[in-house]
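Colleague: Quick one: this structure, given as structure tokens, is what I'll be asking you about.
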Amino acid sequence: MKRRAASALLTMSVCFLSLPLAAQSVSSRDPNPALWQSTPDAAALGPGARGFLSYGLDNRDGDWLVSGGLALFAGMLHATYGQGSLVGSAVHEYALGYGRRLQDWSLGPWLSWGAGVDLSAAAQRSRFLPYQSQAVRLMVPFSLRLGSPCNFSITPYVGPYAEFGSAHLLLTPSNTHSAGLAFGGEITAWRLGLTLGAVGVPDGMRAFRPGWQASAAIRIRF
């Protein structure tokens, strides 16, 4: 009970950072550019570890990200720093989040499925004001694990997400919001993992809308 209460408190704390954004009116349905990482934390997809380090890329201009996390209250507290460029101007990514597994159902010795949650707050910073943005995203992935989480496994996932934030659209400060499906998968082999994922699709009956984002990362857990 104490762990659940502490986990809820931590999630609410990250949410508190987004209250000024969510309280304002919204005007854009594209994913916010501040959220470079499109995948949930691995702790939301299955059994967690004591910690992890990862290196990843996004689909925009090959911007790179480094992440690390520590186990906390049956989940994972994770932080990310990224660096890239937009039209020759350097941009930096700062993110903080918390992910955990909500429920698991075993379908056999090598098969299980379940649901998790990942909440992330991020800020993109640059000397060029129009490239500055900030946002918060809540994702609830449903996943199916094939294999052993301690040896080799493949875990595809799909789930809804919603985000609120602010960004410069056409050089004008604007509030943003986006909601849709996130999908992807994780392949793990002992302590190593490869995660691929995308957000922003579908929009209505279309397969891909202009604002979709994707990222990939290599991860080592300990």
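The values are calculated or read from the model by the stated rules, or taken from the named source; none is laboratory data. Here the structure is a predicted model, which means the values were calculated and not measured. Note: ideal-geometry Cβ built from the backbone for every residue, glycine included; neighbour counts use all protein chains shown. Surface accessibility is based on the protein's heavy atoms, side chains included, excluding ligands, DNA and RNA. Shrake-Rupley method; radii C 1.70, N 1.55, O 1.52, S 1.80 Å.
Colleague: Could you please put Ile218, Ile154 in sequence from largest to smallest accessible area, using a 1.4 Å probe?
Modeller: My answer, sorted largest first, is Ile218, Ile154.
Colleague: From the backbone phi of the stretch 123-136, what are the Karplus-calculated ³J(HN,Hα) couplings (6.51 cos²θ - 1.76 cosθ + 1.60, θ = phi - 60°) in whole Hz, Gly and Pro given as x?
Modeller: So the Karplus estimates, Gly and Pro as x, are 9, 9, 10, 7, 5, 8, 3, x, 8, 8, 7, 8, 6, 10 Hz.
Colleague: Same structure, new question: Provide the net charge surrounding Ala216, with neighbours chosen by a C-beta distance below 13 Å and charges set as Lys +1, Arg +1, Asp -1, Glu -1.
Modeller: Its environment carries a net charge of -1.
Colleague: Among 70-78, 40-48, what's the highest-first ranking by average C-beta atoms within 10 angstrom per residue?
Modeller: Final packing ranking: 40-48, 70-78.
Colleague: If you don't mind, another one. Excluding Tyr55 itself, calculate the net charge of residues whose Cβ lies under 14 Å from the Cβ of Tyr55, where each Lys or Arg counts +1 and each Asp or Glu counts -1.
Modeller: Result for the neighbourhood of Tyr55: -1.
Colleague: Distances longer than 19 Å among the Cα atoms of the stretch 36-117: what percent of all pairs is that?
Modeller: 46
Colleague: Where does the charge balance sit around Thr188 when Lys and Arg score +1, Asp and Glu -1, over other residues with C-beta under 15 Å from its C-beta?
Modeller: Local charge sum for Thr188: +3.
Colleague: Long-range amide H contacts for Ala182: which residues qualify at under 5 Å (H placed 1.01 Å from N, peptide plane, sequence gap of 5 or more or a different chain)?
Modeller: The answer is Gly159, Tyr161.
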